[in-house]
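Shown next, in structure tokens, is the structure this report addresses.
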Amino acid sequence: MPNAFLVKKIDERASITDVVDSIYDKCATENREPTDDERSRLTEYGVKIKALDVTISEMRAADEANGRFLSTAAAVEDRAERAEQRATAKGGKEKAVEVRSAGAAFIESDQFKAYRGRGTMEPVEFDDFLGLEQRAAIVGPITTALLDLPPVRVDGPAGPFQQTPFLSLINREQVSGGAVSYITWDPNPATGAAVVAETDTKPEAALVPTEHPLTLQTYAFWKAITRQALEDYPRIRSIVENSLRRGLAQTLEAAAVATLAGVAAPGAGSPTNVAGIRAAIASLQSAGFTPNAVVINPADAALLDVEVMGGTLLGPSSPPTYWGLRVVPVAGVASGTAYVGDWSQAVTWFDRASASVYMSDSHADYFIRNLFVILAEQRSVFALTQANAAAAVTVAAEVTPPAVAAAKA
């Protein structure tokens, strides 16, 4: 009879595992990485699972040892009874000696009988147990090769989570077909309004629409897996699928960043670095936009942080902001140029649907070769829909921060 406490611990571990699987399934369905709250919960569940595994292993070992002990104790007691029977059969010529082991005394005690985890298995009898039977010696050592043990499979490093900060920043429009067009207006806002007398002809506004047709691009790739690999290691499907989704998101991020090539500097002779960012903010505000973030290469962000630290003498701070704007490091942005923008209008992501993942053995001769192919694809197109809603800023290293140079002077 299983130990009730052990059964409870096993059920508890299974419940926690189901919760962890549900979190990962939800992230895969929504095509996103776990949130900070979900990461915290996953870490907490991991600690609980490790603790439960230790407890379950110790209890199983204790139960197995207890079962072996009870079997041995019962056999010793039965041997003593048979010795007493043989002595009685000889007519009392030999006086039977009562053999009472410490184990027998223990299992007959009230404390052991009251122990709930002692089990109810019947005693097992071994003929001539601990007798004079002799066995041949084992020839050669026992090795793991002779035991035919299955290999222990341990997953390798999961790698960093694929982040797409620029995709999270820009405007996203879901469309219902494979083609889309957007319209820009020049000038925007319209010009030409004037003071008009009561009977005079009103002037026409200067406002010209321009249509920009686009065709959605299909981003896709695949990976083949053998049927036996899926049978022997079912988790391999989710590992490959998640890796394909992350790679697809990385490709889309690069395509979105490529649209920034059409962003120009606010004007000739614009200042660089932190001063340039402030000048770009002013130029966008003059055009009627509201800048909300600075998109910059991570190395350039570090360069400007050090410059700000040296200029203000306030020391490192986190998270950094430049003139009140959020700093968004994007690895795909080329070093040497940062972009200030009203990103809700500057770049638009036209998307047919979220990433789709399919699995099939219908490709070529995959069925007779026991191969499955996992395919991930997404239909999207990116456009710089409002070029004057963003401005480029040159980032260059400075030999000496301005405040430090002034102090030395």
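Just a few scattered comments:
- Exposure proxy order (Cβ contacts within 10 Å, fewest to most) of TYR115, TYR322: TYR115, TYR322
- Inter-site label distance for GLU84 and GLU377 at 7 Å from Cα along Cβ, in nm: 8.3
- Hull shadow area, averaged, the range 165-408 [alpha-carbon convex hull, nm²]: 21.0
- The simple Förster model, with R0 at 30 Å and r as the Cβ-Cβ distance, assigns PHE69 and ASP18 a FRET efficiency of 0.25.
- Inter-probe distance in nm under a simple model that places probes 7 Å from Cα toward Cβ, at PHE112 and VAL175: 8.1
- Relative to the current alpha-carbon distance between TYR233 and VAL54, full extension at 0.36 nm per residue lengthens the span by 62.0 nm.
- Surrounding net charge for SER286, when Lys and Arg each add one and Asp and Glu each subtract one, Cβ distance under 15 Å: 0
- Sparsely packed loop sites in the range 176-283 (the trypsin sites (Lys or Arg not before Pro) outside DSSP H, G, I, E and B with at most 14 other Cβ atoms within 10 Å) comprise ARG235.
- Theoretical FRET efficiency, 1/(1+(r/R0)^6), r = Cβ-Cβ of ALA282 and ASP36, R0 30 Å, to 0.05: 0.30
- HN-Hα J in Hz across the range 375-388 - Karplus 6.51, -1.76, 1.60, θ = phi - 60°, x for Gly and Pro: 10, 10, 8, 8, 9, 8, 8, 10, 8, 7, 6, 9, 4, 7
- Here the range 297-386 is treated with +1 on each Lys and Arg Cβ and -1 on each Asp and Glu Cβ, and its dipole about the Cα centre works out to around 140 debye.
Read-outs: derived from the displayed coordinates by stated rules, not from any lab. As the structure is a prediction and not an experimental result, all values here were calculated from the model. Methodologically, a virtual Cβ is constructed for each residue, glycine included, from the backbone with ideal geometry; neighbour enumeration extends over all protein chains shown.
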